[in-house]
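Engineer: What follows is a single structure, and I will ask about it in a moment.
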Amino acid sequence: MTHPASTSHRELDDAVLTAAGIGAGTVRMSVGIEHPEDLWADIHAALIKS
C-alpha cells in the first residue's frame, strides 16, 4: 500500500493530482497471486488497526 500524493506523485501540485484522479485520501494497493480471501483478511486487519 502506498499513498501516491506523498510518495510516487509528491512532486505534483494539487491541480495536477486532481486532474489525474489522485485525491488526498487515495491509496494504491499492489497485489500479486495471493488468494483473494487472504487479501481481504489482510485489508480487514489493516483497517481495524487504523
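Engineer: With runs of 4+ DSSP H residues as the only contributors, calculate the mean residue ellipticity of the chain at 222 nm using -39,500 (n - 2.57) per run, divided by the residue total and rounded to the nearest 500. If you can, show how the numbers build up before the last one.
Structural biologist: Numbers: 2 runs with 20 residues, N = 50.
The helix contribution divided over the chain gives -11500 deg cm²/dmol.
Engineer: Given that just one value was derived from the coordinates, which of [x] 42, 24, 14; [y] 37, 24, 15; [z] 42, 19, 11 is Cα extents along the principal axes in Å?
Structural biologist: Among [x] 42, 24, 14; [y] 37, 24, 15; [z] 42, 19, 11, the one calculated here is [y].
Engineer: I've got another one for you. What is the helix-to-structure angle for 36-49, meaning the angle in degrees between its Cα long axis and the longest Cα principal axis of the chain, kept from 0 to 90 and rounded to the nearest 10?
Structural biologist: Long axis of 36-49 versus the principal axis of the chain: about 70 degrees.
Engineer: Can you pull the one-decimal nm distance between simple spin-label points at H3 and D38, each 7 Å off the Cα toward Cβ?
Structural biologist: 2.8 nm
Engineer: Extending each Cα 7 Å along its Cβ direction at D13 and M29, get the distance between those two points in nm, one decimal.
Structural biologist: 3.3 nm
Every read-out reported here was derived from the displayed coordinates using simple, explicitly stated rules and does not represent laboratory data. This one's a predicted model, so the numbers in the text were calculated from it and none came from an experiment. Neighbour counts are summed over all protein chains in view; Cβ atoms, including those assigned to glycine, are modelled from backbone coordinates with ideal geometry.
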